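Asks: Got a structure for you, written out below as structure tokens; questions coming shortly.
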Amino acid sequence: MLAIASGELGPGKRLPSTRALAKRFRLNVNTVSAAYQQLESAGWVQSVHGSGVFVREKQLDAALDGDALDRLVIPFIRAARVAGISAHEIRNRIDRLLAAPQKRFVFVHPEQELRAIIAHELRSAVSWPVEACHVEAASIAQYAGDSAFVTVPSKQAQVQALLPAAAEVLTLQMRRVDQALASYLPIPPEVLLVVASGWSGFLRIARTMLTAAGLDPDAVLFGDTRAGGWQRNLGQASAVLCDVLTADSISDGVPKIVFALVSDAGIADLKSFERFFAK
């Protein structure tokens, strides 16, 4: 509701499917569906059969007249009161949480090569400084207290376990490979494609997707940028499929298909987090 009221989610914007949201936040699909129904009843969104849920082009008067913040806060205050929590305790806790001097994002992941790629992507997309560290208590401790921690969904529980209970771990939405490559498929048989990256996962996923797309194995070469001589095949390549970090080391004369791992929605989540804590 806040995102719609502030204009962050504009009229006609398609919202994620109930199944996608349920998976992202580990909720029951029926819980998400009920939330969407509540938003529709309040006039914030409308569902279109077979297409999805969209922000209304024009909000209903009832929704516009209400205070979006009150709609979120009042149920929380009521629940706290029923639980026996005093207003004083609520104020102190909220003040302490909002006063946290967060000033940077720290991407946490066990694979060094992936950390380097993601950090490079985020630095060009967000305002805050971006650091990266391993999933271990000693590495994370140096950033605790003044950082917002970021990781992939599969590592969220592991990272959260190394932080105080009140610390929030943001999960990045990753770009779907099949959708990103759809505009390039089918690849003509005369094309020689080089796939280059320093992260083995990138090479592995690319091999799987290109094979599934019917690409002749003889028409694609793989270059691990951690090994010497990986650039020797670039001169004969029709195009190079690479990550954003590798792209910086390839000359402008070589056609590049640069694949960003973090989705637009993932970047939008981090920017929204920055705005929330903006002075």
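Asks: Quantify how much of the Cα-Cα distance distribution of segment 2-98 extends past 21 Å, in percent.
Replies: The calculated P(r) of segment 2-98 puts 47 percent of pairs beyond 21 Å.
Asks: While we're looking at this one, here's another question. Which one of L27, S41, P75 has its Cα pushed farthest toward the positive end of the charge dipole of segment 2-98, where Lys and Arg give +1 and Asp and Glu give -1 at the Cβ?
Replies: Of L27, S41, P75, it is L27.
Asks: Distances over 29 Å make up what percent of all Cα-Cα pairs in segment 128-279?
Replies: 32
Asks: When a footprinting reagent is the concern and you count Cβ atoms within 10 Å, what order do H120, H134, H49 take, fewest first?
Replies: Arranged by neighbour count, lowest to highest, H120, H134, H49 become H49, H134, H120.
Asks: Further question: When the Cα centres of segment 77-131 and segment 232-271 are compared, how far apart do they sit, in Å?
Replies: First find each Cα centre; the distance between them is then 29 Å.
Asks: Using the count of nearby Cβ atoms within 10 Å as a rough guide to exposure, how do W230, W44 rank from fewest to most?
Replies: W230, W44
Asks: For segment 177-258, what log10 I(q)/I(0) values come out of the Debye formula at q = 0.11, 0.15, 0.21, 0.22 1/Å, with one point per alpha carbon and no solvent?
Replies: -0.25, -0.47, -0.98, -1.08
Asks: Do you know the Lys pair count in the chain for C-alpha distances under 27 Å, with sequence separation 8 or more or different chains?
Replies: 11
Asks: While we're here: Taking the highest mean first, how do the peptides 264-273, 107-116, 191-200 order by number of other beta carbon atoms within 10 angstrom per residue?
Replies: Peptide ranking by packing, descending: 191-200, 107-116, 264-273.
Asks: How big is the chain in terms of Cα radius of gyration and Dmax, in angstroms?
Replies: 22.6, 72
Asks: Let me ask another. List the extent of the Cα atoms of segment 78-151 along each of their three principal axes, largest first, rounded to whole Å.
Replies: 49, 26, 20
Asks: If you don't mind, another one. Quote the relative contact order of the chain in percent (integer), defining contacts as alpha-carbon pairs under 8 Å separated by 6+ residues. Working shown, then result.
Replies: On the way: 351 pairs, mean separation 37.8, N = 279.
That works out to 14 percent.
Asks: Which far-off residues, 5 or more places away or on another chain, put their amide H under 5 Å from the one on V195, with H placed in the peptide plane?
Replies: Amide H neighbours of V195: L221, F222, G223, L241.
Asks: OK, next. Once you charge only the Cβ atoms, +1 for Lys and Arg and -1 for Asp and Glu, what is the size of the charge dipole of the chain about its Cα centre, to the nearest 20 debye?
Replies: Value, rounded to 20: 640 debye.
Asks: Given 0.36 nm per residue, what is the gain on full extension from D264 to A212 after removing their alpha carbon distance, in nm?
Replies: Using 0.36 nm per residue and subtracting the Cα-Cα distance, I get 16.2 nm.
Throughout, read-outs are computed from the coordinates displayed, never taken from laboratory work. Being a predicted model, the structure only gives us computed values, none of them experimental. Cβ sites come from the backbone with ideal geometry, for glycine too, and all protein chains shown count toward neighbours.
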